[in-house]
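Student: Just dropping this structure here.
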Amino acid sequence: MLIRRASDIRSSDVTDERTYLQRRDLIRLAGGIACATAVGTLVPGCSEHPAAESLAPAAPAAAAQATLENVRPAVVSTDEKQNTFEEITSYNNFYEFGLGKNDPQRYAGAMRTSPWSVKIDGLCNKPANYQLEDLVRPHALEERIYRLRCVEAWSMVIPWVGIPLSAVLSRAEPQGKAAFVEFTTLHRPSEMRGQSGTALEWPYREGLRLDEAMHPLTILAVGLYGRTLMNQNGAPLRLVVPWKYGFKSIKSIVRIRFVERQPATSWSMSNPAEYGFYSNVNPEVDHPRWSQSREKRLPALFASTRTRMFNGYDEVASLYAGMDLRKHY
Amino acid sequence: MRRLVKPLIGVLGVLPLVWLTFAVLTGRTSANPAEDIILTTGIWSLRFLLASLAITPLRRLTGWNVLIQYRRMLGLFAFFYACVHLAGYLAFDRFFAFDEVFADLAKRPFITAGMVAFALMVPLAITSTRGWIRSLGRRWQLLHRLVYVSAIAAVIHYLWKVKADSTLPLRYALLLAVLLGLRLWWLRRRLPRPAAAAPAR
């Protein structure tokens, strides 16, 4: 992989930073006024409310991500309209940096992503501790334009750049007993302010069945829109499993482990009645607190898009032949 | 001076809406403007509801009886933002699929709680006019005690809605508990005490 410091970012991709900042200040000011004047200090948490915050985002993280070279387009991509870089990098669920949708953009800059090592171990013949470069370099980068369907019933179309997870896993030579793969996010509370809170049990962990992990649609993403990932999107290395709800696509991965039994996963640990291990996009199986039958394709106002089984990736259906997906939600 | 207070509250009351409209029209919302609209109007409805519930305790504590003049306005703003909040859910989230709305109401306690909070506000808004107050007489006050139930349902709706962190809704719950607790406490003190034993003669 060739990573070059960005001097040749297409200007169309980047909002002029000064305009951006001024605009944000204006909104923050307006929000502050509305908050402070209407009820004064009578009401708790006025300024901390996530909705108010989402309208008053902070300064952008540095737009100078490195450009990725030799990215080849992949056939499995969708040609649906892509979300803008700004949408994809300003509206995130990454609880390690706070619960507000804009918190990751605000605070993820504190996370150091270099150097970065990834430990691959467990039931495999070639366990190793890779530097990120060594993990990624042997593989050709591919652009994969995927739909991302969040369990919260919104969706985006995102041009990822990544490598097939199967290629990385094969290098480690999984043993016959390995039936699942467990992933772990970086745990570094000093740089990840949300990890001081108890929203979830840290570090974040996720898992896939080995055949799901080996499926050609499953990738490890290192980039977005032709450039390396922003921290709020899970830099420097994240999973993307397009037929599952977004939270399965674990961010900022530091460990990949082959295991025999189904691993515990963060959201399922937090609320097993609402989040299962499989978490396949499924319009037939509602979240206990809301319907999953439709979705808002952001930035649309209306949830006018019908959610499709497996998020429209029918080619994975055979992985679940004979399984009751109501039981294995 | 005092004549200016009501218009001022009116202006401040529409500010969140003005700000929201401005943000939506100029693309200054998050990538999910519908969510911004629904969350912002929901929270402002709850804030106005609690503000209207704060009038009576404030009046008692400060002796400023003039405050009572502003209570209806606060209550109507609460109702107004609840209307926008509900309309946003029906239009944006459910895309007017009313079969899905009824399914939500039956299956999802947090939607049920929100709808209860809203439904109870409807008769209160309707009977908030001078004519209704006069014709209902003492029953008006009785009817408008429904606001306590509505506020409790609204806080429950908020609590059950959040995915992982209940800190904010709990703060609102606490504030509501204080506002209602004060009333209970005053009510108890006003109840006739058991008569002191008659002095022996």
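Student: When all C-alpha to C-alpha distances in segment A:63-320 are sorted into bins of 5 Å, what percent of pairs does each bin hold, rounded to whole numbers?
Tutor: Going out from 0 Å in 5 Å bins, segment A:63-320 shows 1, 6, 13, 19, 21, 20, 13, 6, 2, 0, 0 percent.
Student: Run the helix sum for the protein assembly as shown: -39,500 (n - 2.57) per DSSP H stretch of 4+ residues, divided by residue count, reported at 222 nm to the nearest 500 deg cm²/dmol.
Tutor: One gets -12500 deg cm²/dmol as the mean residue ellipticity at 222 nm.
Student: With r defined as the distance between the Cβ atoms of A:T198 and B:R130 and R0 fixed at 45 Å, what FRET efficiency is calculated, to the nearest 0.05?
Tutor: According to the calculation, E is roughly 0.30.
Student: Let me ask something else about it. For segment B:82-201, what class follows from the C-alpha gyration tensor (a ≥ b ≥ c being the square roots of its eigenvalues): rounded when a/c is under 1.5, otherwise prolate if a/b is larger than b/c, else oblate?
Tutor: Because a/c hits 1.5 or more and a/b fails to exceed b/c, segment B:82-201 counts as oblate.
Student: Summed for both chains, how many Å² of accessible area, to the nearest 100, are buried between B and A with a 1.4 Å probe?
Tutor: By this definition, chains B and A bury close to 4200 Å².
Student: If DNA, RNA and ligands are ignored and the probe is 1.4 Å, what is the ranking of A:M214, A:M230 by accessible area, most exposed first?
Tutor: Ranked list, largest accessible area first: A:M214, A:M230.
Student: Which one of B:L136, B:L159, B:L76 has the biggest mean-square fluctuation once chain B is modelled by GNM with Cα springs under 10 Å?
Tutor: Comparing B:L136, B:L159, B:L76 in the GNM, the peak value goes to B:L136.
Student: Using a probe radius of 1.4 Å on heavy atoms only, what accessible surface per residue do you get for the protein assembly as shown? Whole Å² is fine.
Tutor: In whole numbers, the protein assembly as shown has 47 Å² accessible per residue.
Student: Which GluC sites (Glu not before Pro) in segment A:133-240 pass both tests, a DSSP loop state and at most 16 other beta-carbon atoms within 10 Å?
Tutor: Loop-located and lightly packed - A:E201.
Student: Then there's this: Given the alpha-carbon gyration tensor of segment B:1-61, what are the semi-axes of its equivalent ellipsoid in whole angstrom, ordered largest first, with each equal to the square root of 5 times an eigenvalue?
Tutor: Values for segment B:1-61, descending: 29, 16, 5 Å.
Student: Leaving ligands, DNA and RNA out of it, report the carbon-plus-sulfur percent of the accessible area of the protein assembly as shown at a 1.4 Å probe.
Tutor: 60
Student: Let me ask something else. Averaging sequence separations of C-alpha pairs under 8 Å and six or more residues apart, then dividing by the length of chain B, give the relative contact order as a whole percent.
Tutor: With pairs under 8 Å counted, the relative contact order is 18 percent.
Student: Report Rg (one decimal) and Dmax (nearest whole number) for segment B:2-182, counting Cα atoms only, units Å.
Tutor: Rg and Dmax of segment B:2-182, Cα atoms, are 17.1, 51 Å.
Student: Less than 11 Å Cβ to Cβ from A:V222, Lys/Arg counted +1 and Asp/Glu -1: what total charge do the surrounding residues give?
Tutor: With Lys, Arg at +1 and Asp, Glu at -1, the neighbours total +1.
Student: Name the chymotrypsin sites (Phe, Trp or Tyr not before Pro) in segment B:67-116 that are in a loop by DSSP and that have at most 12 other C-beta atoms within 10 Å, would you?
Tutor: Here the chymotrypsin sites (Phe, Trp or Tyr not before Pro) that fit, given the DSSP loop and packing criteria, are B:F96.
Student: Here is a follow-up. For segment A:80-127, run through the trypsin sites (Lys or Arg not before Pro) and keep only the ones in DSSP coil with at most 13 other Cβ atoms within 10 Å of their Cβ.
Tutor: The qualifying sites are A:K81, A:R112.
Student: How much of B:T129 can a 1.4 Å solvent probe reach, expressed as accessible area in Å² and rounded to 10?
Tutor: 70
Student: Run the Debye formula on the Cα coordinates of the protein assembly as shown, all scatterers equal and no solvent, and tell me log10 I(q)/I(0) at q = 0.09 1/Å.
Tutor: Cα-only, vacuum Debye calculation for the protein assembly as shown: -0.72.
Student: Now for a separate question. Using a 1.4 angstrom probe on the protein heavy atoms only, line up B:C83, A:C150 by accessible area, largest first.
Tutor: B:C83, A:C150
Student: Put simply, what bits of segment B:8-52 lose 50 Å² or more of accessible area when the other protein chains are there, versus the chain on its own (1.4 Å probe)?
Tutor: With the partner chains in place, segment B:8-52 has these residues losing at least 50 Å²: B:L12, B:W19, B:R28, B:A31, B:N32, B:W44, B:R47.
Student: Using a 10 Å cut-off around each Cβ of peptide B:84-96, what is the average number of partner chain Cβ atoms that fall inside?
Tutor: The mean count of partner-chain Cβ atoms within 10 Å per residue comes to 3.
The values are calculated or read from the model by the stated rules, or taken from the named source; none is laboratory data. Please read these numbers as outputs of a predicted model, since none were measured by experiment. Cβ coordinates were reconstructed from backbone atoms using ideal geometry, including for glycine residues, and neighbour counts include every protein chain displayed. Keep in mind that these areas ignore ligands, DNA and RNA; they rest on the heavy atoms of the full protein, side chains included. Shrake-Rupley method; radii C 1.70, N 1.55, O 1.52, S 1.80 Å.
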